[in-house]
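The values are calculated or read from the model by the stated rules, or taken from the named source; none is laboratory data. A quick note: this is a predicted structure, and the numbers were derived from the prediction, not measured. Note that each Cβ is placed from the backbone with ideal geometry, even for glycine, and that neighbours are counted across all protein chains shown.
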């Protein structure tokens with residue numbers, strides 16, 4: 001499944017028109033609808049959007065912070081003074097005080113934690129992108145399983161319709177022979193029983209088709225079943241998959257493993273950040289202050305000024321050196337180291353599980369492929385035998401049981417060959433999903 005095909009299909013689906021039942025649904029269209037509407041992918045995209053927003057602002061963390069402050073205070077008071085000569089004087093005093101300042105703080109060195117934070121945001125953005133890709137791989141695989149499940153059910157329905165037609169023809173011939181006195185009633189009854197049984201199987205198969213349609217509709221997230229018809233009528237698959245090629249280059253194509261490596265890098269950044277806490281922090285600080293105090297009236301104009309104003313610029317360096325904090329830095333370093341070890345073990349576990357899964361899926365794929373070849377050879381023999389037996393029965397050379405057995409052999413062979421094709425396709429999908437290159 002190429003990305004170019006998905007983009008074209010997504011463009012065709014973006015108009016919002018639902019596919020009608022008269023429009024056979026292609027696999028590319030089904031995948032495009034699911035990728036456009038799936039809740040899990042939308043949530044992953046939202047997480048990635050948050051990471052992208054953080055990444056677009058991370059460069060500003062190297063810049064200083066500038067804050068402005070201001071206050072206006074009005075103080076109303078009464079003063080009473082008693083002098084040595086016995087005189088007293090007093091009055092109402094009102095003072096208005098205005099304080100303003102602009103402060104700048106610029107971190108010059110913090111043990112390189114600013115650079116670590118910058119790298120962390122970039123790595124989180126990559127994690128978000130990998131999570132989207134991982135969810136896309138999972139969704140595409142689910143869509144393909146259900147899509148080809150519908151194809152399989154439709155093939156089974158065609159096979160059952162052929163079986164009903166053969167049984168109905170056998171019923172017609174048996175009834176004719178019974179009417180002219182060359183046949184027996186049990187043959188007629190058995191033929192009718194077989195027709196009814198195949199019709200019952202057809203109803204059950206149509207129910208299974210509806211189940212797959214509902215599951216595909218759930219992946220579409222449109223609240224409606226998928227169209228009845230799909231464009232593919234026969235399950236096709238890649239017959240040239242090799243185990244060595246399936247297991248090679250997993251680090252470059254598998255989003256789950258790439259996500260594991262990204263988590264290891266995040267753990268490494270956390271460890272570096274914890275170690276950076278041991279370093280001092282050096283900051284440049286500066287402030288411009290303005291203060292103005294004005295008295296509306298005073299008791300003693302000689303000692304109490306009517307207006308007092310101060311302003312000035314100050315600046316300097318501030319250093320914070322961690323001396324002792326209850327061993328919290330050591331604890332954080334140990335926790336970060338444990339987290340990095342955990343992420344490395346998780347990556348190795350995932351790599352081992354994926355390699356084992358690919359080997360198991362390939363064994364299933366190879367067995368299903370060989371089974372399919374055998375069933376295709378057997379199908380030719382079954383059809384040839386049925387043609388001979390039908391002609392012999394029409395001529396009265398063979399009996400009812402032999403014809404019924406030949407028809408049952410065809411029905412069984414059709415079921416096995418359809419199931420073999422589906423099993424081979426499921427194994428191929430599993431291999432592509434485990435590799436992570438189901439969408440290129």
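Given the conditions (1) modelled with pLDDT under 85; (2) surrounded by 11 or more Cβ atoms within 10 Å (Cβ to Cβ); (3) not in a strand (DSSP E or B), report the number of the one that residue 15 does not fulfil.
(2)
Given the residues 26, 107, which is the only one that is more than 30 Å from residue 435 (Cβ to Cβ) and either at pLDDT below 70 or crowded, with 16+ Cβ neighbours inside 10 Å (or both)?
107
Every residue in region 91-138 that is assigned to a strand (DSSP E or B) and more than 30 Å from residue 74 (Cβ to Cβ), please.
105, 106, 107, 108, 109
Any chance region 110-118 includes a residue that's surrounded by 13 or more Cβ atoms within 10 Å (Cβ to Cβ), at pLDDT below 90 and closer than 30 Å to residue 312 by Cα?
So far as region 110-118 goes, yes, one or more of its residues are surrounded by 13 or more Cβ atoms within 10 Å (Cβ to Cβ), at pLDDT below 90 and closer than 30 Å to residue 312 by Cα.
If I ask for residues that are part of a helix (DSSP H, G or I) and crowded, with 20+ Cβ neighbours inside 10 Å, which ones from region 29-40 would you list?
Keep residues of region 29-40 that are part of a helix (DSSP H, G or I), which gives 29-37, 39-40.
Answer for region 29-40, where residues must be part of a helix (DSSP H, G or I) and crowded, with 20+ Cβ neighbours inside 10 Å: 29, 30, 31, 32, 33, 34, 35.
Condition check ((1) assigned by the TED database to the domain that holds residue 397; (2) under 20 Å from residue 391 (Cβ atoms); (3) over 34 Å from the mean Cα position of the chain (by Cα); (4) assigned to a loop (DSSP other than H, G, I, E, B)) across all residues:
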| residue | (1), (2), (3), (4) |
| --- | --- |
| 168 | no, yes, yes, no |
| 203 | no, no, yes, no |
| 206 | no, no, no, no |
| 234 | yes, no, no, yes |
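Condition first: surrounded by 12 or more Cβ atoms within 10 Å (Cβ to Cβ), closer than 30 Å to residue 72 by Cα and without any contact (Cβ under 8 Å) to a residue 40 or more places away in the chain. Can you find one or more residues in region 287-298 that meet it?
no
Sort out which residues of region 170-190 are under 15 Å from residue 393 (Cα atoms) and part of a helix (DSSP H, G or I), and write them in order of number.
170, 171, 172, 173, 174, 175, 176, 177, 178, 187, 188
Conditions tested, residue by residue: (1) in contact with a helix residue (DSSP H, G or I) (Cβ under 6 Å, 6 or more places away or on another chain); (2) crowded, with 21+ Cβ neighbours inside 10 Å; (3) free of Cβ contacts under 8 Å to residues at least 24 places away in the same chain.
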| site | (1), (2), (3) |
| --- | --- |
| 123 | yes, no, no |
| 131 | yes, yes, no |
| 136 | no, yes, no |
| 150 | yes, yes, no |
| 158 | no, no, yes |
| 175 | yes, no, yes |
| 182 | no, no, no |
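Every residue in region 356-372 that is touching a helix residue (DSSP H, G or I) at 6+ places or on another chain (Cβ under 8 Å) and either within 13 Å of residue 434 (Cβ to Cβ) or not assigned by the TED database to the domain that holds residue 426 (or both), please.
357, 358, 359, 361, 362, 364, 365
Looking at this structure, is residue 373 in a helix (DSSP H, G or I) and surrounded by 19 or more Cβ atoms within 10 Å (Cβ to Cβ)?
Criteria not met by residue 373.
I need every pair where a residue in region 330-349 that is touching a residue at least 12 places away in the same chain (Cβ under 8 Å) has its Cβ under 7 Å from the Cβ of a residue that is outside any helix (DSSP H, G or I), sequence separation at least 6 or different chains.
Within 7 Å, the pairs are 332/277.
How many residues does region 383-400 contain that are closer than 18 Å to residue 411 by Cα and either touching a strand residue (DSSP E or B) at 6+ places or on another chain (Cβ under 7 Å) or outside any helix (DSSP H, G or I) (or both)?
Residues of region 383-400 closer than 18 Å to residue 411 by Cα: 383-390, 400.
If we keep only those that are either touching a strand residue (DSSP E or B) at 6+ places or on another chain (Cβ under 7 Å) or outside any helix (DSSP H, G or I) (or both) as well, we get none.
Residues meeting the conditions: 0.
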